[in-house]
Amino acid sequence: MSAARLILKNVTENPLLRSNLNINNTSLRQYAFKSDLKIKWVRPEKIPCYKPEKSGDLAGVPKLDKSQYQLDFRNSKELETANEHVKKLFSLEFAPKSEVNRLYRKDLCDSIKRHEYDMGSIEVKLTKWTGIIRAWQEAMERFPRNRILKVHLKELIDKRKKHLKYLRRWDYRKFEWLIEKLDIVYKPPPNEFHWITRKDSLRKLTNTYCEDTRNEKLAAFRAVLEAEQPAFLEEKIRTLQFIRDEQQDCGADVTVSQEEIDGVKKQLADLLESRKEEED
Amino acid sequence: MSLKAATKVSMLLGQCVPCLKQNTSKFKVKRLELDENLLMYFKKDEFVYAHDPENKCKTGDIVLMEQLPQKKTRLVTHAVKEVIYPFGDITDPLTGKKVVAGKYRDHIEAVTKVYGQTKNGFKYDKAPLRGWQENKKDFTHADTYIKYHDDGKDQPYAV
(Lines give C-alpha, C1' and ligand atoms only; values in the text may rest on other atoms or scores of the structure.)
Protein backbone atom coordinates (compact mmCIF):
# COMPACT_ATOMS: atom_id res chain seq x y z
CA MET A 1 0.00 0.00 0.00
CA SER A 2 1.44 3.36 -1.03
CA ALA A 3 1.80 6.25 1.39
CA ALA A 4 -0.95 8.31 -0.22
CA ARG A 5 -3.43 5.49 0.06
CA LEU A 6 -2.49 4.99 3.69
CA ILE A 7 -3.19 8.64 4.46
CA LEU A 8 -6.49 8.51 2.61
CA LYS A 9 -7.50 5.41 4.54
CA ASN A 10 -6.64 7.09 7.81
CA VAL A 11 -8.61 10.16 6.89
CA THR A 12 -11.71 8.30 5.88
CA GLU A 13 -11.64 5.97 8.88
CA ASN A 14 -10.78 8.44 11.60
CA PRO A 15 -14.01 10.33 12.54
CA LEU A 16 -12.09 13.23 14.06
CA LEU A 17 -10.13 13.87 10.94
CA ARG A 18 -13.21 13.50 8.79
CA SER A 19 -15.06 16.19 10.72
CA ASN A 20 -12.00 18.40 10.35
CA LEU A 21 -12.16 17.90 6.63
CA ASN A 22 -15.80 18.99 6.63
CA ILE A 23 -15.06 22.10 8.65
CA ASN A 24 -12.28 22.97 6.27
CA ASN A 25 -14.61 22.56 3.35
CA THR A 26 -17.14 25.04 4.70
CA SER A 27 -15.25 27.51 6.82
CA LEU A 28 -12.33 28.11 4.50
CA ARG A 29 -14.57 29.12 1.65
CA GLN A 30 -13.91 32.80 1.28
CA TYR A 31 -15.24 33.47 -2.19
CA ALA A 32 -18.85 34.44 -2.92
CA PHE A 33 -19.58 34.92 0.75
CA LYS A 34 -23.10 36.14 1.41
CA SER A 35 -23.93 38.00 4.58
CA ASP A 36 -26.78 36.44 6.54
CA LEU A 37 -27.84 39.78 8.02
CA LYS A 38 -31.42 40.65 7.24
CA ILE A 39 -30.67 43.83 5.34
CA LYS A 40 -32.95 44.64 2.49
CA TRP A 41 -31.58 46.85 -0.20
CA VAL A 42 -33.95 48.80 -2.39
CA ARG A 43 -32.38 50.23 -5.48
CA PRO A 44 -33.46 53.86 -5.79
CA GLU A 45 -35.57 54.56 -8.78
CA LYS A 46 -33.88 56.55 -11.51
CA ILE A 47 -35.11 60.11 -11.67
CA PRO A 48 -34.58 61.77 -15.06
CA CYS A 49 -32.24 64.75 -14.94
CA TYR A 50 -34.84 67.27 -16.07
CA LYS A 51 -37.30 66.57 -13.23
CA PRO A 52 -37.75 69.21 -10.51
CA GLU A 53 -36.47 66.73 -7.89
CA LYS A 54 -33.12 66.71 -9.66
CA SER A 55 -32.97 70.32 -10.73
CA GLY A 56 -33.84 71.51 -7.24
CA ASP A 57 -36.93 73.54 -8.09
CA LEU A 58 -39.34 73.46 -5.19
CA ALA A 59 -42.00 75.52 -6.97
CA GLY A 60 -43.40 75.27 -10.46
CA VAL A 61 -45.24 77.74 -12.66
CA PRO A 62 -48.18 78.95 -10.55
CA LYS A 63 -51.71 79.24 -11.90
CA LEU A 64 -51.98 82.79 -13.17
CA ASP A 65 -55.11 84.91 -13.24
CA LYS A 66 -56.42 84.25 -16.74
CA SER A 67 -58.48 87.40 -16.93
CA GLN A 68 -55.47 89.73 -17.06
CA TYR A 69 -54.20 91.13 -20.34
CA GLN A 70 -51.31 89.72 -22.29
CA LEU A 71 -47.92 91.22 -21.65
CA ASP A 72 -47.82 93.35 -24.80
CA PHE A 73 -51.29 94.83 -24.23
CA ARG A 74 -51.01 95.58 -20.54
CA ASN A 75 -50.73 99.33 -20.93
CA SER A 76 -52.87 99.68 -24.03
CA LYS A 77 -55.14 102.73 -23.98
CA GLU A 78 -57.32 101.44 -26.79
CA LEU A 79 -58.22 98.37 -24.77
CA GLU A 80 -59.59 100.52 -21.95
CA THR A 81 -62.36 101.76 -24.19
CA ALA A 82 -62.82 98.54 -26.16
CA ASN A 83 -65.87 96.34 -25.81
CA GLU A 84 -66.15 93.28 -23.59
CA HIS A 85 -65.39 90.67 -26.26
CA VAL A 86 -62.27 92.43 -27.49
CA LYS A 87 -61.00 92.72 -23.92
CA LYS A 88 -61.54 89.00 -23.47
CA LEU A 89 -59.72 88.22 -26.70
CA PHE A 90 -56.62 90.05 -25.45
CA SER A 91 -56.65 88.35 -22.07
CA LEU A 92 -54.51 85.35 -21.15
CA GLU A 93 -57.47 83.06 -21.64
CA PHE A 94 -57.11 83.29 -25.41
CA ALA A 95 -53.33 83.59 -25.49
CA PRO A 96 -50.96 80.78 -26.36
CA LYS A 97 -49.07 79.05 -23.56
CA SER A 98 -45.88 80.86 -24.47
CA GLU A 99 -47.53 84.20 -23.64
CA VAL A 100 -48.52 82.90 -20.21
CA ASN A 101 -44.98 81.74 -19.57
CA ARG A 102 -43.59 85.06 -20.75
CA LEU A 103 -45.80 86.90 -18.33
CA TYR A 104 -44.79 84.60 -15.50
CA ARG A 105 -41.13 85.15 -16.30
CA LYS A 106 -41.58 88.92 -16.43
CA ASP A 107 -43.33 88.98 -13.04
CA LEU A 108 -40.65 86.78 -11.53
CA CYS A 109 -37.86 89.03 -12.85
CA ASP A 110 -39.70 92.16 -11.62
CA SER A 111 -39.64 90.78 -8.10
CA ILE A 112 -35.87 90.29 -8.24
CA LYS A 113 -34.28 93.07 -10.28
CA ARG A 114 -32.11 95.78 -8.78
CA HIS A 115 -33.46 98.71 -10.77
CA GLU A 116 -36.08 99.38 -13.41
CA TYR A 117 -33.79 98.69 -16.38
CA ASP A 118 -31.97 95.72 -14.91
CA MET A 119 -31.81 93.04 -17.61
CA GLY A 120 -28.38 91.50 -17.26
CA SER A 121 -27.40 91.26 -13.62
CA ILE A 122 -26.59 87.75 -12.41
CA GLU A 123 -29.72 87.50 -10.27
CA VAL A 124 -31.99 88.51 -13.14
CA LYS A 125 -30.23 86.11 -15.49
CA LEU A 126 -30.70 83.26 -13.03
CA THR A 127 -34.33 84.24 -12.52
CA LYS A 128 -34.99 84.28 -16.23
CA TRP A 129 -33.46 80.84 -16.64
CA THR A 130 -35.46 79.58 -13.70
CA GLY A 131 -38.67 80.78 -15.35
CA ILE A 132 -37.76 79.04 -18.60
CA ILE A 133 -36.74 75.85 -16.80
CA ARG A 134 -40.03 75.65 -14.93
CA ALA A 135 -42.07 76.24 -18.06
CA TRP A 136 -40.10 73.61 -19.96
CA GLN A 137 -40.42 71.13 -17.12
CA GLU A 138 -44.16 71.49 -17.42
CA ALA A 139 -43.89 70.89 -21.16
CA MET A 140 -41.73 67.80 -20.56
CA GLU A 141 -44.46 66.35 -18.35
CA ARG A 142 -46.90 66.70 -21.22
CA PHE A 143 -44.54 65.57 -23.98
CA PRO A 144 -42.03 63.16 -22.42
CA ARG A 145 -40.75 62.03 -25.82
CA ASN A 146 -39.64 65.48 -26.93
CA ARG A 147 -35.93 64.73 -26.98
CA ILE A 148 -34.78 68.08 -28.32
CA LEU A 149 -36.57 69.89 -25.52
CA LYS A 150 -35.09 67.47 -23.02
CA VAL A 151 -31.57 68.24 -24.18
CA HIS A 152 -32.15 72.00 -24.09
CA LEU A 153 -33.71 71.73 -20.65
CA LYS A 154 -30.84 69.72 -19.27
CA GLU A 155 -28.31 72.14 -20.68
CA LEU A 156 -30.16 75.10 -19.18
CA ILE A 157 -30.42 73.41 -15.76
CA ASP A 158 -26.69 72.72 -15.82
CA LYS A 159 -25.94 76.28 -16.87
CA ARG A 160 -28.04 77.65 -14.02
CA LYS A 161 -26.28 75.37 -11.59
CA LYS A 162 -22.90 76.52 -12.84
CA HIS A 163 -23.80 80.18 -12.43
CA LEU A 164 -25.27 79.53 -8.98
CA LYS A 165 -21.90 78.05 -8.11
CA TYR A 166 -20.17 81.22 -9.34
CA LEU A 167 -22.59 83.47 -7.47
CA ARG A 168 -21.98 81.51 -4.29
CA ARG A 169 -18.27 82.13 -4.66
CA TRP A 170 -18.65 85.83 -5.44
CA ASP A 171 -21.40 86.88 -3.13
CA TYR A 172 -22.71 84.42 -0.59
CA ARG A 173 -25.38 86.70 0.86
CA LYS A 174 -26.94 87.33 -2.51
CA PHE A 175 -26.76 83.63 -3.30
CA GLU A 176 -28.73 82.73 -0.18
CA TRP A 177 -31.22 85.51 -0.77
CA LEU A 178 -31.74 84.36 -4.35
CA ILE A 179 -32.24 80.66 -3.67
CA GLU A 180 -34.69 81.56 -0.95
CA LYS A 181 -36.60 83.90 -3.28
CA LEU A 182 -36.66 81.49 -6.20
CA ASP A 183 -37.29 78.36 -4.11
CA ILE A 184 -34.30 76.46 -5.42
CA VAL A 185 -32.40 73.88 -3.42
CA TYR A 186 -28.66 74.01 -4.00
CA LYS A 187 -26.64 70.87 -3.37
CA PRO A 188 -22.95 70.65 -4.19
CA PRO A 189 -21.81 67.79 -6.40
CA PRO A 190 -20.55 64.73 -4.51
CA ASN A 191 -16.82 64.26 -4.11
CA GLU A 192 -16.66 61.05 -6.04
CA PHE A 193 -18.85 59.73 -8.80
CA HIS A 194 -19.60 56.07 -9.11
CA TRP A 195 -22.71 54.30 -10.36
CA ILE A 196 -24.76 52.48 -7.78
CA THR A 197 -23.88 48.83 -7.31
CA ARG A 198 -25.49 46.18 -5.15
CA LYS A 199 -22.24 45.20 -3.51
CA ASP A 200 -21.19 48.70 -2.54
CA SER A 201 -24.67 49.66 -1.33
CA LEU A 202 -24.90 46.53 0.82
CA ARG A 203 -21.49 47.30 2.24
CA LYS A 204 -22.61 50.78 3.26
CA LEU A 205 -25.87 49.47 4.67
CA THR A 206 -24.01 46.82 6.66
CA ASN A 207 -21.75 49.51 8.07
CA THR A 208 -24.69 51.61 9.20
CA TYR A 209 -26.34 48.49 10.63
CA CYS A 210 -23.22 47.71 12.67
CA GLU A 211 -22.98 51.31 13.82
CA ASP A 212 -26.62 51.32 14.90
CA THR A 213 -26.21 48.04 16.78
CA ARG A 214 -23.19 49.40 18.58
CA ASN A 215 -24.96 52.61 19.53
CA GLU A 216 -28.01 50.69 20.75
CA LYS A 217 -25.88 48.50 22.97
CA LEU A 218 -23.99 51.48 24.32
CA ALA A 219 -27.25 53.28 25.06
CA ALA A 220 -28.63 50.22 26.85
CA PHE A 221 -25.45 49.94 28.94
CA ARG A 222 -25.64 53.62 29.76
CA ALA A 223 -29.23 53.23 30.90
CA VAL A 224 -28.23 50.37 33.20
CA LEU A 225 -25.42 52.44 34.71
CA GLU A 226 -27.64 55.46 35.16
CA ALA A 227 -30.27 53.35 36.90
CA GLU A 228 -27.60 52.26 39.37
CA GLN A 229 -26.44 55.82 40.04
CA PRO A 230 -28.75 56.81 42.98
CA ALA A 231 -28.11 53.55 44.81
CA PHE A 232 -24.38 53.98 44.30
CA LEU A 233 -24.41 57.56 45.62
CA GLU A 234 -26.39 56.52 48.71
CA GLU A 235 -23.88 53.79 49.34
CA LYS A 236 -21.07 56.30 48.86
CA ILE A 237 -22.58 58.69 51.43
CA ARG A 238 -22.99 55.88 53.92
CA THR A 239 -19.45 54.66 53.44
CA LEU A 240 -17.91 58.13 53.66
CA GLN A 241 -19.92 58.88 56.79
CA PHE A 242 -18.82 55.58 58.31
CA ILE A 243 -15.16 56.26 57.56
CA ARG A 244 -15.40 59.76 58.98
CA ASP A 245 -17.13 58.57 62.17
CA GLU A 246 -14.63 55.75 62.67
CA GLN A 247 -11.67 58.07 62.17
CA GLN A 248 -13.10 60.57 64.64
CA ASP A 249 -13.86 57.84 67.18
CA CYS A 250 -10.40 56.32 66.94
CA GLY A 251 -8.67 59.70 67.07
CA ALA A 252 -6.89 59.14 63.77
CA ASP A 253 -6.30 61.79 61.07
CA VAL A 254 -9.66 62.66 59.51
CA THR A 255 -9.23 62.29 55.76
CA VAL A 256 -12.90 62.62 54.79
CA SER A 257 -14.20 66.16 55.16
CA GLN A 258 -17.82 67.05 55.83
CA GLU A 259 -17.84 69.13 52.60
CA GLU A 260 -17.03 66.05 50.61
CA ILE A 261 -20.02 64.21 52.07
CA ASP A 262 -22.27 67.23 51.56
CA GLY A 263 -21.08 67.46 47.97
CA VAL A 264 -22.13 63.88 47.31
CA LYS A 265 -25.48 64.52 49.03
CA LYS A 266 -26.04 67.54 46.81
CA GLN A 267 -25.10 65.51 43.76
CA LEU A 268 -27.67 62.89 44.73
CA ALA A 269 -30.36 65.52 45.31
CA ASP A 270 -29.63 67.15 41.94
CA LEU A 271 -29.73 63.81 40.21
CA LEU A 272 -33.09 62.88 41.74
CA GLU A 273 -34.51 66.28 40.90
CA SER A 274 -33.39 66.14 37.28
CA ARG A 275 -34.86 62.63 36.95
CA LYS A 276 -38.17 63.90 38.32
CA GLU A 277 -38.19 66.80 35.87
CA GLU A 278 -37.56 64.43 33.01
CA GLU A 279 -40.47 62.24 34.10
CA ASP A 280 -42.81 65.24 34.29
CA MET B 1 13.28 65.90 -3.27
CA SER B 2 10.48 64.84 -1.01
CA LEU B 3 8.02 67.31 0.38
CA LYS B 4 7.77 67.88 4.10
CA ALA B 5 4.40 66.62 5.28
CA ALA B 6 1.85 69.40 5.67
CA THR B 7 1.12 68.49 9.26
CA LYS B 8 4.71 69.24 10.27
CA VAL B 9 4.66 72.85 9.09
CA SER B 10 4.01 75.44 11.80
CA MET B 11 1.64 77.67 9.84
CA LEU B 12 -0.70 76.62 7.07
CA LEU B 13 -3.16 78.30 4.79
CA GLY B 14 -6.04 76.08 3.76
CA GLN B 15 -9.56 76.02 2.48
CA CYS B 16 -12.28 74.67 4.75
CA VAL B 17 -14.13 71.60 3.50
CA PRO B 18 -17.16 69.86 5.05
CA CYS B 19 -16.36 67.83 8.15
CA LEU B 20 -18.54 65.84 10.53
CA LYS B 21 -16.27 65.96 13.57
CA GLN B 22 -17.25 68.16 16.49
CA ASN B 23 -15.02 71.10 17.48
CA THR B 24 -12.88 70.35 14.47
CA SER B 25 -12.71 71.66 10.94
CA LYS B 26 -11.12 69.98 7.98
CA PHE B 27 -8.94 71.90 5.58
CA LYS B 28 -7.63 71.33 2.12
CA VAL B 29 -4.07 72.54 1.85
CA LYS B 30 -2.67 72.98 -1.63
CA ARG B 31 0.99 72.12 -1.98
CA LEU B 32 3.35 71.83 -4.87
CA GLU B 33 5.27 68.66 -5.41
CA LEU B 34 8.29 68.36 -7.65
CA ASP B 35 8.19 65.69 -10.27
CA GLU B 36 11.81 64.69 -10.56
CA ASN B 37 11.49 63.27 -14.04
CA LEU B 38 9.86 66.30 -15.56
CA LEU B 39 11.43 68.82 -13.16
CA MET B 40 8.06 70.45 -12.81
CA TYR B 41 5.88 71.22 -9.83
CA PHE B 42 2.43 69.72 -9.64
CA LYS B 43 -0.44 70.53 -7.34
CA LYS B 44 -1.07 68.11 -4.54
CA ASP B 45 -3.87 68.46 -2.01
CA GLU B 46 -3.37 67.44 1.58
CA PHE B 47 -6.02 67.38 4.24
CA VAL B 48 -5.41 68.78 7.71
CA TYR B 49 -7.71 68.78 10.72
CA ALA B 50 -7.65 71.83 12.96
CA HIS B 51 -9.15 72.47 16.36
CA ASP B 52 -12.03 74.94 16.04
CA PRO B 53 -14.17 75.03 19.20
CA GLU B 54 -16.13 78.16 18.23
CA ASN B 55 -16.92 76.76 14.79
CA LYS B 56 -15.90 79.98 13.08
CA CYS B 57 -14.89 78.35 9.81
CA LYS B 58 -17.50 77.65 7.21
CA THR B 59 -17.12 75.59 4.08
CA GLY B 60 -14.98 77.40 1.53
CA ASP B 61 -13.28 79.88 3.86
CA ILE B 62 -9.55 80.48 3.47
CA VAL B 63 -8.11 80.04 6.93
CA LEU B 64 -4.72 80.42 8.60
CA MET B 65 -3.84 77.58 10.97
CA GLU B 66 -1.17 77.27 13.59
CA GLN B 67 0.50 74.10 14.73
CA LEU B 68 -0.41 72.98 18.24
CA PRO B 69 2.49 72.46 20.66
CA GLN B 70 0.99 69.07 21.36
CA LYS B 71 -1.24 67.03 19.12
CA LYS B 72 -4.84 67.03 20.30
CA THR B 73 -5.61 63.69 18.74
CA ARG B 74 -3.97 61.58 16.11
CA LEU B 75 -5.58 63.72 13.40
CA VAL B 76 -5.96 67.14 14.99
CA THR B 77 -2.55 68.76 14.75
CA HIS B 78 -3.41 72.43 14.20
CA ALA B 79 -5.64 75.12 15.63
CA VAL B 80 -7.53 77.75 13.67
CA LYS B 81 -5.86 81.13 14.02
CA GLU B 82 -7.67 83.45 11.69
CA VAL B 83 -10.23 83.39 8.92
CA ILE B 84 -8.46 85.31 6.19
CA TYR B 85 -11.03 85.26 3.41
CA PRO B 86 -14.59 84.33 4.28
CA PHE B 87 -16.12 82.50 1.32
CA GLY B 88 -18.21 84.74 -0.90
CA ASP B 89 -17.58 87.87 1.15
CA ILE B 90 -14.23 89.10 -0.08
CA THR B 91 -12.60 92.32 1.14
CA ASP B 92 -9.99 93.92 -1.06
CA PRO B 93 -6.79 94.02 1.02
CA LEU B 94 -5.54 97.24 -0.59
CA THR B 95 -8.59 99.46 -0.28
CA GLY B 96 -10.49 97.57 2.40
CA LYS B 97 -13.65 97.63 0.32
CA LYS B 98 -15.95 94.71 -0.31
CA VAL B 99 -15.61 93.06 -3.68
CA VAL B 100 -18.01 91.07 -5.83
CA ALA B 101 -16.26 89.17 -8.62
CA GLY B 102 -14.39 91.97 -10.47
CA LYS B 103 -16.21 95.00 -9.09
CA TYR B 104 -16.44 96.94 -5.87
CA ARG B 105 -19.73 96.57 -4.09
CA ASP B 106 -19.93 100.38 -3.67
CA HIS B 107 -19.69 100.88 -7.41
CA ILE B 108 -22.45 98.39 -8.09
CA GLU B 109 -24.70 100.07 -5.56
CA ALA B 110 -23.92 103.53 -6.93
CA VAL B 111 -24.91 102.42 -10.43
CA THR B 112 -28.12 100.93 -9.05
CA LYS B 113 -28.92 104.18 -7.29
CA VAL B 114 -28.50 106.18 -10.50
CA TYR B 115 -31.10 103.99 -12.22
CA GLY B 116 -33.37 104.05 -9.19
CA GLN B 117 -33.35 101.22 -6.71
CA THR B 118 -36.39 98.94 -6.64
CA LYS B 119 -38.13 97.94 -3.44
CA ASN B 120 -37.76 94.20 -3.90
CA GLY B 121 -34.15 94.11 -5.05
CA PHE B 122 -31.31 92.73 -3.00
CA LYS B 123 -29.86 95.09 -0.39
CA TYR B 124 -26.56 94.43 1.31
CA ASP B 125 -27.31 96.36 4.49
CA LYS B 126 -30.48 94.36 5.14
CA ALA B 127 -29.17 90.96 4.08
CA PRO B 128 -28.38 88.59 6.94
CA LEU B 129 -24.95 87.03 7.19
CA ARG B 130 -24.17 83.71 5.61
CA GLY B 131 -25.82 80.68 7.15
CA TRP B 132 -29.53 81.46 7.41
CA GLN B 133 -30.41 79.07 4.57
CA GLU B 134 -28.17 76.31 5.87
CA ASN B 135 -29.98 72.98 5.88
CA LYS B 136 -33.03 74.66 4.36
CA LYS B 137 -32.10 75.36 0.76
CA ASP B 138 -28.34 75.47 0.92
CA PHE B 139 -26.72 72.10 1.57
CA THR B 140 -23.11 73.03 0.97
CA HIS B 141 -22.03 72.66 4.60
CA ALA B 142 -21.95 68.86 4.31
CA ASP B 143 -20.76 66.29 1.82
CA THR B 144 -23.37 65.00 -0.54
CA TYR B 145 -23.53 61.47 -1.89
CA ILE B 146 -25.30 59.67 -4.68
CA LYS B 147 -28.46 58.06 -3.35
CA TYR B 148 -27.80 54.34 -3.05
CA HIS B 149 -30.71 53.11 -0.96
CA ASP B 150 -34.40 53.94 -0.98
CA ASP B 151 -35.58 53.63 2.60
CA GLY B 152 -38.66 55.79 2.17
CA LYS B 153 -37.20 58.54 4.35
CA ASP B 154 -36.10 61.96 3.22
CA GLN B 155 -32.37 62.07 2.52
CA PRO B 156 -31.37 65.74 2.31
CA TYR B 157 -27.74 65.08 1.39
CA ALA B 158 -28.47 62.56 -1.34
CA VAL B 159 -28.07 63.79 -4.87
_Being more than 24 Å from A:CYS109 (Cβ to Cβ) and either of a type in the set (A, V, I, L, M) or touching a residue at least 60 places away in the same chain (Cβ under 8 Å) (or both) is the filter here; which residues of the range B:125-151 pass it?_
B:LEU129, B:ARG130, B:GLY131, B:THR140, B:HIS141, B:ALA142, B:ASP143, B:ILE146
*Which condition number does B:GLU134 fail, the rest of (1) more than 8 Å from chain A (Cβ to nearest Cβ); (2) more than 20 Å from the chain's Cα centre (by Cα); (3) not hydrophobic (A, V, I, L, M, F, W, C) being met?*
(2)
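For A:GLU216, are the conditions met, namely being of a type in the set (D, E, K, R), away from chain B (no Cβ under 11 Å) and either in a helix (DSSP H, G or I) or over 30 Å from A:LYS113 (Cβ atoms) (or both)? Give the steps one after another, and end with the answer.
Working: of a type in the set (D, E, K, R): yes; away from chain B (no Cβ under 11 Å): yes; either in a helix (DSSP H, G or I) or over 30 Å from A:LYS113 (Cβ atoms) (or both): yes.
Judged against the criteria, A:GLU216 is a match.
Here is a yes/no grid of residues against (1) of a type in the set (A, V, I, L, M, F, W, C); (2) part of a helix (DSSP H, G or I); (3) within 14 Å of another protein chain (Cβ to nearest Cβ):
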| residue | (1), (2), (3) |
| --- | --- |
| A:HIS194 | no, no, yes |
| A:ASP200 | no, yes, yes |
| A:THR206 | no, yes, yes |
| A:LEU233 | yes, yes, no |
| A:LEU240 | yes, yes, no |
_Tell me whether the range B:109-124 contains one or more residues that are part of a loop (DSSP other than H, G, I, E, B), modelled with pLDDT of 90 or more, more than 9 Å from chain A (Cβ to nearest Cβ) and within 30 Å of B:VAL29 (Cα to Cα)._
no
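Determine which member of the set B:GLU66, B:GLU46, B:GLU36 is away from chain A (no Cβ under 14 Å), loosely packed, with under 12 Cβ neighbours inside 10 Å and out of contact with any Pro (no Cβ under 8 Å at 6 or more places or on another chain). Give the steps one after another, and end with the answer.
Numbers: B:GLU66 fails: loosely packed, with under 12 Cβ neighbours inside 10 Å; B:GLU46 fails: loosely packed, with under 12 Cβ neighbours inside 10 Å.
On inspection, the qualifying residue turns out to be B:GLU36.
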*asked:* Test of understanding: among B:ASN37, B:ASN55, which residue is modelled with pLDDT of 95 or more and in a loop (DSSP other than H, G, I, E, B)?
replied: B:ASN37
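Given the criterion more than 10 Å from every other protein chain (Cβ to nearest Cβ), closer than 25 Å to B:ILE108 by Cα and either part of a helix (DSSP H, G or I) or among the polar types (S, T, N, Q) (or both), identify the matching residue among A:LYS154, A:LYS162, A:LYS150. Walk me through how you get there before you give the answer.
Working: A:LYS154 fails: closer than 25 Å to B:ILE108 by Cα; A:LYS150 fails: closer than 25 Å to B:ILE108 by Cα.
Selected residue: A:LYS162, the only one of A:LYS154, A:LYS162, A:LYS150 that is more than 10 Å from every other protein chain (Cβ to nearest Cβ), closer than 25 Å to B:ILE108 by Cα and either part of a helix (DSSP H, G or I) or among the polar types (S, T, N, Q) (or both).
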*Since A:GLU192 meets every condition but one in (1) within 21 Å of the chain's Cα centre (by Cα); (2) within 23 Å of B:ALA101 (Cβ to Cβ), which condition does it not meet?*
(2)
_Filtered residue count, the range B:122-159, keeping only those that are buried (at least 17 other Cβ atoms within 10 Å of the Cβ) and touching a helix residue (DSSP H, G or I) at 6+ places or on another chain (Cβ under 9 Å)_ = 8
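Please count how many residues of the range A:189-216 are without any contact (Cβ under 8 Å) to a residue 12 or more places away in the chain, out of contact with any Asp or Glu (no Cβ under 8 Å at 6 or more places or on another chain) and surrounded by 10 or more Cβ atoms within 10 Å (Cβ to Cβ). Give the derivation first.
We begin by selecting, within the range A:189-216, every residue without any contact (Cβ under 8 Å) to a residue 12 or more places away in the chain; these are A:189-195, A:197, A:199-200, A:203-204, A:207-208, A:210-216.
Restricting the remaining residues to those that are out of contact with any Asp or Glu (no Cβ under 8 Å at 6 or more places or on another chain) gives A:189, A:192-193, A:195, A:197, A:199-200, A:203-204, A:207-208, A:210-216.
Subsequent filtering for residues that are surrounded by 10 or more Cβ atoms within 10 Å (Cβ to Cβ) retains A:189, A:197, A:200, A:203-204, A:207-208, A:210-216.
The qualifying residues number 14.
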*Filter the range B:137-157 down to residues that are at the interface with another protein chain (Cβ under 8 Å from one of its Cβ atoms) and either of a type in the set (Gly, Ala, Ser) or over 21 Å from B:VAL17 (Cβ atoms) (or both), then give me how many there are.*
5
*List every residue pair whose Cβ atoms lie under 7 Å apart, where the two residues are 6 or more positions apart in sequence or sit on different chains, the first residue falls within the range B:95-124 and is closer than 23 Å to A:LYS181 by Cα, and the second residue, located anywhere, is of a type in the set (Ser, Thr, Tyr) and in a loop (DSSP other than H, G, I, E, B).*
B:ARG105/B:TYR124; B:TYR115/A:TYR117; B:ASN120/A:SER111
*Which members of the range A:166-188 meet the condition of being basic (Lys, Arg) and loosely packed, with under 15 Cβ neighbours inside 10 Å?*
A:ARG169
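The values are calculated or read from the model by the stated rules, or taken from the named source; none is laboratory data. Keep in mind that what you see is a predicted model, and the values were worked out from it rather than measured. Using ideal geometry, Cβ is built from the backbone for each residue, glycine included, and neighbour counts are taken over all protein chains shown.
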